[in-house]
Amino acid sequence: EELLPEGTPQAAAIMEADGTAGLKKPFWQKLLGSDNPNPGKFEDIGSDSRKIFMLDSFEGMRFEYQRGLSNSFGVSHILHLQPAQDNYGTYDFSANFSQGKHLLLSRTQTNGDVLARYILTATPNLTVQFQSQLTKAPHQSNAILTADYKGGDWFGQLKVGSFAQWGLSYLQSVTKNLAVGVDLTYLGRPPFNQMPMCISTVAARYSTERMVALAQLTSNARIQAAYVQRVKDNLTFGTEFTFDLGSRESTCAAGYEYSTPQGSFKTNLSSDGKVTSTFEKQLSEVSAVVLSAEVDHGKKACKYGIGLQLLQ
């Protein structure tokens, strides 16, 4: 059978007939492209384990009220009352504005701190973010500019901020289940006359539909590993291990997340004797209640909290 040269009308007709007309890719896409999924940000590589082991535990009573004043503008109020000796309560006011590619978030606290964040979705692949914090504490006010780029099977991030800070991270999907990446952060002028520091981190994550395994190694000789398994659609178990090569100290933790129509339970137990639990119940479409408890057997301390969320 005689082969037809590419680009001829006869070859185009044959490709259209057998369904291969739209499958031809440019050379650079064949070289760099792949069918692997996008791995997401490097800083979110451990998000599955953080849902179990970094719970929002608080003490006292917390009330949160959110109200949308228009389709683009909304405000929220957070009142936190706690039985602390130095601070009996705090109040936070937030105002958020969103329109098109622009998102502006702000928060003002009773201690005088002001936090602001501006996010610009320049393109479907490029996002630029500027974040700043003003505080009365000396050498603590800061600002940072971040640029995120989402590739086909990779994600890159570049940061430039105050204190002569810059950072670079890259996460690449090697296969459909395996992603590896590196993060580099440099602080040229740390506060309080500290020496410049540079921290690098390498990480690998293997994930399927029902499990996630993660390992990280930092330049300051710290190893962290985590494993999360979804046993059922409403039940997830997880374990976490951290080891400091310098001090030879290690901690391990185990936890679970269980969701029912009555509410969502999260509990974790660490080897240093700390037990943390939260329970969240959706009362209606616009209200929810949150219960929090933490017991530290090592320090012989405990704290309990109850919160109410309202949305209008």
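Length available on full extension from K300 to K176: 0.36 nm per residue minus the Cα-Cα distance, which gives 40.0 nm.
For the peptides 260-267, 38-45, 192-199, residues were scored by their other Cβ atoms within 10 Å and the scores averaged per peptide; the highest-first order is 38-45, 260-267, 192-199.
Pairs exceeding 24 Å between alpha-carbon atoms, taken from K266/K303; K176/K266; K41/K101: K176/K266.
Our summary gives the stretch 123-221 a relative contact order of 16 percent, counting only alpha carbon pairs under 8 angstrom and 6 or more residues apart.
Net charge of the neighbourhood of C302, taken over other residues with C-beta under 12 Å away and scored Lys/Arg +1, Asp/Glu -1, is +1. Between rounded, prolate and oblate, where does the stretch 115-194 land on the alpha carbon gyration tensor, with a ≥ b ≥ c its root eigenvalues, rounded for a/c under 1.5, else prolate if a/b exceeds b/c? Since a/c reaches 1.5 but b/c is at least a/b, the shape of the stretch 115-194 is classed as oblate. Checking (1) 89, 53, 49; (2) 62, 53, 36; (3) 51, 46, 41 against the coordinates, the calculated Cα extents along the principal axes in Å falls under label (1). Relative to a virtual label point 7 Å from the Cα of A204 in the Cα→beta-carbon direction, which members of the stretch 230-263 show backbone nitrogen distances below 18 Å? Counting backbone N atoms under 18 Å from the label point, the list is 241-243.
Computed extension gain for Q194 through F243, at 0.36 nm per residue and net of the alpha carbon distance, reaches 15.1 nm. Classified by the C-alpha gyration tensor, the stretch 202-259 has an oblate form. Its axis ratio a/c, with a ≥ b ≥ c, is 1.5 or above, and a/b does not exceed b/c.
No lab work stands behind these numbers, since they all come straight from the coordinates. Because the structure is predicted, anything quoted here is derived from the model rather than measured. Reconstructed Cβ throughout: ideal geometry from the backbone, glycine too, with neighbour counts over all protein chains shown.
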